[in-house]
Amino acid sequence: MNDSTFSWHRLRDSQLFWPLLALALIMLFNLIFTPNFYNIEIKDGHLSGFLIDILNRGSILMLVAIGMTMVIATGGVDLSVGAVVAISAATATVLINPALANQLISSEELIQDVTRTPLWLCVLAALTVSTICGIWNGLLVSRARIQPMVATLVLMVAGRGIAQLITNGQIITVYYSPYFFIGNGYLLGLPFSLYIVAIVFLIVWLFARRTAFGLFVESVGINARSSFFSGINEQNIKLIVYTLCGFCAGVAGLIYSSNVKSADANNAGLDLELDAILAVVIGGTLMSGGRFSLLASVIGALFIQSVTTTMYAVGVPAMAAMAIKGVVVLIVVLLYSDQTKNVLTHMIERVGVGS
Amino acid sequence: MADADSNLLQLQGISKAFPGVQALDNVDFDLKSGEIHAIVGENGAGKSTLIKIITGVERADTGTIRLAGNEIEVKSPQHAQELGISTVYQEIDLCENLSVSENIMLGREPRKRGRIVWKEMHKQADEALRHLNVSIDVTEELSDYSIALQQMAAIARALNISSAKILILDEPTSSLDTHETEELFDVMRQLKEEGLGIVFITHFLDQVYEIADRTTVLRNGKLVGTFQTETLPQLELISKMIGRTMWDFDDMAQIKLTAGKQIGDEPLLEARNLGRIGTMSPFDLDLFSGEVLGFAGLLGSGRTETAELLFGIYKPDSGTITMADMPVKDFSPQSSIGRGVAFCPEDRKAEGIIDDLTVRENIILAMQSNQGWVRRLSRQQQYELADKYIEMLNISTPSADQAVKNLSGGNQQKVILARWLATNPKVLILDEPTRGIDVGAKAEIQKIVLELADEGMACLFISSELEEVLRTSHRIIVLRDKNMVAEFTDEVDEQTLMEAMAGSAS
């Protein structure tokens, strides 16, 4: 085996390779077909452009994908993340907005730039509620032994109901400007939400990889019975990953509601669970569980956001957007199949021998 | 073969290798029409692989299959049926929510202008069952009937599919009671009279003697021999199943002798009246440090179940365990590891290795779980540990970062052993540690066990190979039918052990 094929094998086996390739392809597409895509200008003292837009809008998906990664690595799935985003958004906004429980308030009072509750308490409450949602999922999966897809389906359906109860069935609009900073603010020229993603990523990564937790997650995902025989408490591992997933969805809910300055129980985080699962799959974590890479999932999330933004940029009509996204995803998933990989490897090795 | 013509089915020189294990090695097998031929052997002997090759589920690497004298190639299970080879599997593979007649006739329903003629179909199904002396309402759902009747329906279907010449019954009696088994045997005798060749796989030896004309014994993928059942005493059959090989084991005996001197006076682990309904009858057991205690018993005798109770895989319904004078309150693998108990399970693939993880990760796993996930072993510590055991146990792997699934069976077994040794156990339970691995690795593992005992560890050694148990153990307990039936502390020979294993019946 010569050096070039050896490094190709190592490259191919790296979990980062395929999501990076997918991202590179979509960037290449934009380089050719989308004028101005790579333009970054300074507007109002911060950076602006399509790339910044992808990072900003992608922050919600990146956060949820981070949480989803380890859930999928244990062989589970969390369908309730979209609903938890709605719950988190509802909790935070309802504490800010005085229009709680149909109180009649004059419209001047409503649009005042004030909060009913201190901001830190709003954030804490939203994160606590969403973490409890995660614990709920974790208990159903690990203690009640319900299949993850069914267990989290409960909260996926009921969660939007809970969010509606919190908002009393209304779309709650907030006018409190400090809160807007979470999803719209800029720090050192970059979107503030990006810093939040970075911090959450760092915390989760340290938790997974600087302790043995990540190894146990992979071990349980590959062979739960062998792990049990080796003394790993599989139930607690599962409880923790679902809890973490709920927490990440909660942070995403804060960014979302701050970004759109409102909370809509029916539409906040709609279909987000599917994009998050897709991001994790594109990141190379198997749905059956096992090896995972948080960074690869984040890249997967960026890829999905890039596809969405690209379609806006090239002016794909909204009604065609979903179909085209489906085609792009199909191509990527085909790239991932072992069949395609083998054909590709074969081609590259032949070229390598020929040259 | 003088009377090759009367052989309905003849397999010659069949070999089949799976990654890391030679499942079948040059095995011959033949079946005459009008005979019942039993295949027996312990787990991993190659029974199921042989059946899979006959029925087209797997292809043999080498060897020929002849059906009525003509060389054939069985391409798929469907092809096997077309050839007249029908199989009834242990797990009944019928549709429970369809009627009995639909199940029997599925795919071959009598039709008229494209529509099923139900009356005709029920009649045919009824006839097929009556042929087996079963008369039930065939329009009822299959799940309304007992397992035994469902099995009859499966046999009726198997016979009806084609002009079946060969019927393979894979552990058909495992979920039947005595009476149902008798009824099945009556049917088998009747089919035999009609000229069918029947292959009968079972681990109930009494049934072999009751029904089989000839018996083929397999062990570790090799053919031990084919015998006229009536001329083979049960004791001899057992000895053929579990095998004996002659060894030059002088230095092993030497180690055993020195280790024997170290045995402590106080038991390290004491089990009193420990039992679990349906798993193992209550038993008392003492395990001393410095000794190797051997468990001898056939499959299903309770040897594995005892080990699992001691390690806390199950919670016992009765009895207590005391470890180093401390009563055990929490029964789980996690707490057992904390107490210094280690357990290499029998099923390496399902309960041992984590196949996608590397050798290093597999080795440190139990130690890490004992330390808790917070205190992660540094990379350097991990490599040191892995390299230490790779060298000590002579694990042949390109590096510590190789995925463990790429290793051979023997090396995988050593990785699991390393995982447990890394936890510094006081009690080491080994369930079939040498199954399916090559002779060299076997001897190495036996030697390691004796050396560990020499260093003061208490070892419980379970094996279906008597010779191995005799060679490594200072003390032997014999199990039969989920009971401990005998204990030998002095020199004992295989004959005595086998008599104890087989019970008073023989």
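The values are calculated or read from the model by the stated rules, or taken from the named source; none is laboratory data. Quantities reported herein were computed from a predicted structural model and do not represent experimental measurements. Every residue, glycine among them, receives a Cβ derived from its backbone with ideal geometry; neighbour counts consider all protein chains shown.
Just a few scattered comments:
- All conditions in (1) surrounded by fewer than 19 Cβ atoms within 10 Å (Cβ to Cβ); (2) touching a residue at least 40 places away in the same chain (Cβ under 8 Å); (3) within 12 Å of another protein chain (Cβ to nearest Cβ); (4) outside any helix (DSSP H, G or I) hold for B:N394, with the sole exception of (3).
- Hey, B:L377 more than 11 Å from chain A (Cβ to nearest Cβ) and modelled with pLDDT of 90 or more or not: no
- Residues of segment B:341-369 that are at the interface with another protein chain (Cβ under 7 Å from one of its Cβ atoms), assigned to a helix (DSSP H, G or I) and over 24 Å from the mean Cα position of the chain (by Cα): B:E361, B:L365, B:A366, B:Q368, B:S369.
- Against the numbered list (1) more than 30 Å from A:S262 (Cβ to Cβ); (2) crowded, with 19+ Cβ neighbours inside 10 Å; (3) more than 7 Å from chain B (Cβ to nearest Cβ), A:Q235 comes up short only at (2).
- Residue pairs whose Cβ atoms lie under 6 Å apart, separated by 6 or more positions or on different chains, with the first residue in segment B:324-353 and acidic (D, E) and the second in a loop (DSSP other than H, G, I, E, B), are B:E346/B:E432; B:E351/B:P345.
- Set A:I72, A:I66, A:I32, A:I42: member being touching a residue at least 60 places away in the same chain (Cβ under 8 Å) and farther than 16 Å from A:G283 by Cα: A:I42
- Scanning segment B:109-164 for residues that are touching a strand residue (DSSP E or B) at 6+ places or on another chain (Cβ under 6 Å), outside any helix (DSSP H, G or I) and farther than 15 Å from B:C95 by Cβ gives a single hit, B:A164.
- The set of residues in segment A:180-213 that are surrounded by fewer than 23 Cβ atoms within 10 Å (Cβ to Cβ), facing chain B (nearest Cβ under 8 Å) and in contact with a helix residue (DSSP H, G or I) (Cβ under 9 Å, 6 or more places away or on another chain) contains only A:F213.
- A:V316 meets the stated requirement of being assigned to a loop (DSSP other than H, G, I, E, B) and among the β-branched types (V, I, T).
- Residue check, B:D5 surrounded by fewer than 19 Cβ atoms within 10 Å (Cβ to Cβ) and either assigned to a loop (DSSP other than H, G, I, E, B) or at pLDDT below 85 (or both): yes
- Breaking point among (1) at pLDDT 90 or above; (2) more than 30 Å from A:W205 (Cβ to Cβ); (3) not assigned by TED's automatic domain parsing to the domain that holds B:F461, for B:N394: (1)
- Test: residue in segment A:283-292 that is more than 14 Å from every other protein chain (Cβ to nearest Cβ), farther than 30 Å from B:G338 by Cβ and either aromatic (F, W, Y) or in a helix (DSSP H, G or I) (or both): no
- Some residue of segment A:214-232 being out of contact with any helix residue (DSSP H, G or I) (no Cβ under 8 Å at 6 or more places or on another chain), within 14 Å of another protein chain (Cβ to nearest Cβ) and assigned to a helix (DSSP H, G or I): yes
- For segment B:400-506, the helices (runs of 4 or more DSSP H) that sit wholly inside it and include 1 or more residues that are more than 24 Å from B:R360 (Cβ to Cβ) are B:439-454, B:466-472, B:494-502.
- When residues of segment B:26-45 are limited to those that are at pLDDT below 85 and small (G, A, S), the one surrounded by the fewest Cβ atoms within 10 Å (Cβ to Cβ): B:G44
- Residue check, B:D330 part of a loop (DSSP other than H, G, I, E, B), farther than 16 Å from B:P425 by Cβ and more than 10 Å from chain A (Cβ to nearest Cβ): yes
- Some residue of segment B:311-324 being within 12 Å of another protein chain (Cβ to nearest Cβ), part of a helix (DSSP H, G or I) and small (G, A, S): no
- The residues of segment A:24-58 that are surrounded by 17 or more Cβ atoms within 10 Å (Cβ to Cβ) and touching a Leu at 6+ places or on another chain (Cβ under 6 Å), listed by number, are A:L55, A:G58.
Matching residues to (1) basic (K, R); (2) under 28 Å from B:G340 (Cβ atoms); (3) in contact with a Gly (Cβ under 8 Å, 6 or more places away or on another chain):
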residue	(1), (2), (3)
A:T211	no, yes, no
A:I240	no, yes, yes
A:G246	no, no, yes
A:N259	no, no, yes
A:N267	no, no, no
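- Of all residues in segment B:278-301, none that is outside the structural domain of B:M484 (by TED's automatic domain parsing) and surrounded by 19 or more Cβ atoms within 10 Å (Cβ to Cβ) has its Cβ atom under 8 Å from the Cβ atom of a residue that is at pLDDT 90 or above and of a type in the set (G, A, S), 6 or more apart or on another chain.
- For segment B:165-186, the set of residues classified as over 27 Å from the mean Cα position of the chain (by Cα) and part of a helix (DSSP H, G or I) consists of B:D186 only.
- B:K112 satisfies every condition listed in (1) in contact with a helix residue (DSSP H, G or I) (Cβ under 9 Å, 6 or more places away or on another chain); (2) touching a residue at least 40 places away in the same chain (Cβ under 8 Å) except (2).
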